[in-house]
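Novice: Mind looking over this structure? Questions follow.
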Amino acid sequence: MSTSEKGETSPNSGTSQSYKFRSLKKHGGHVTFEFSTLFAVKYEVYFANYSSLFEDYPDITCAVYCCGIEVAEGDPSVSPLDKKVGATIAEIIEFFFAEADNIIVYVCDSLDNRELARKRKFDDWFSRYNDGSYIKHNGVAVIDGNKIYNSLILHNRNEQRHIVANAFDEVNRWAERIEK
């Protein structure tokens, strides 16, 4: 990946299946990728440091990131069946996993009560675009009576994949015990 003086990179050039995206280097090690659709919808896919999730697990030394997908501009409802969006997000995740030890946690936003739809969409994208290189563990944390759907994504070459998956399951169970 080549970086310009502004901290911008152009990791892909787009294909017939996906949109061109670029990454913007942010402070604190957070990285945001952005792309725009033919329907003038701009998406941002970000990876923020989330190492605090496993702070009680000193054996986990991998970099942990929370992944989020946001609409920065436009109205995605004008193109609900735009398959290039999912393909582009899959390419961004694949690009992000150039470091096989990276760990991604995806949390489905529940502020608008559409978390289950987000979970289904993400599950569909994962099953459609995963070439077998990645492992996904789904979880549900109950916090303040709300179900928070989340997923852990690891590269299958990550040497800590088993202890990370067990810790992820424990964290979700821990949230349920706190709730009760």
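The values are calculated or read from the model by the stated rules, or taken from the named source; none is laboratory data. If you're wondering where the values come from, they're calculated on a predicted model, not measured in any experiment. Reconstructed Cβ throughout: ideal geometry from the backbone, glycine too, with neighbour counts over all protein chains shown.
Novice: Suppose the filter is touching a helix residue (DSSP H, G or I) at 6+ places or on another chain (Cβ under 8 Å) and modelled with pLDDT under 95; does Ile69 pass it?
Specialist: yes
Novice: Please go through segment 98-120 and give me each residue that is touching a residue at least 12 places away in the same chain (Cβ under 8 Å) and of a type in the set (Lys, Arg), ordered by number.
Specialist: Matches in segment 98-120: Arg118, Lys119.
Novice: Within segment 88-121, track down each residue that is of a type in the set (A, V, I, L, M, F, W, C), out of contact with any Cys (no Cβ under 7 Å at 6 or more places or on another chain) and surrounded by 18 or more Cβ atoms within 10 Å (Cβ to Cβ).
Specialist: Residues satisfying the conditions are Ile89, Ala90, Ile92, Ile93, Phe96, Phe97, Cys108.
Novice: Would a scan of segment 142-164 turn up a residue that is over 19 Å from Gly86 (Cβ atoms), out of contact with any helix residue (DSSP H, G or I) (no Cβ under 6 Å at 6 or more places or on another chain), assigned to a helix (DSSP H, G or I) and not hydrophobic (A, V, I, L, M, F, W, C)?
Specialist: yes
Novice: Out of curiosity, is His155 more than 29 Å from Leu38 (Cα to Cα) and modelled with pLDDT of 95 or more?
Specialist: No: the conditions fail for His155.
Novice: If a residue counts only when it is touching a Phe, Trp or Tyr at 6+ places or on another chain (Cβ under 6 Å) and of a type in the set (Ser, Thr, Tyr), which strands (runs of 3 or more DSSP E) contained entirely in segment 15-98 have at least 3 such residues?
Specialist: none
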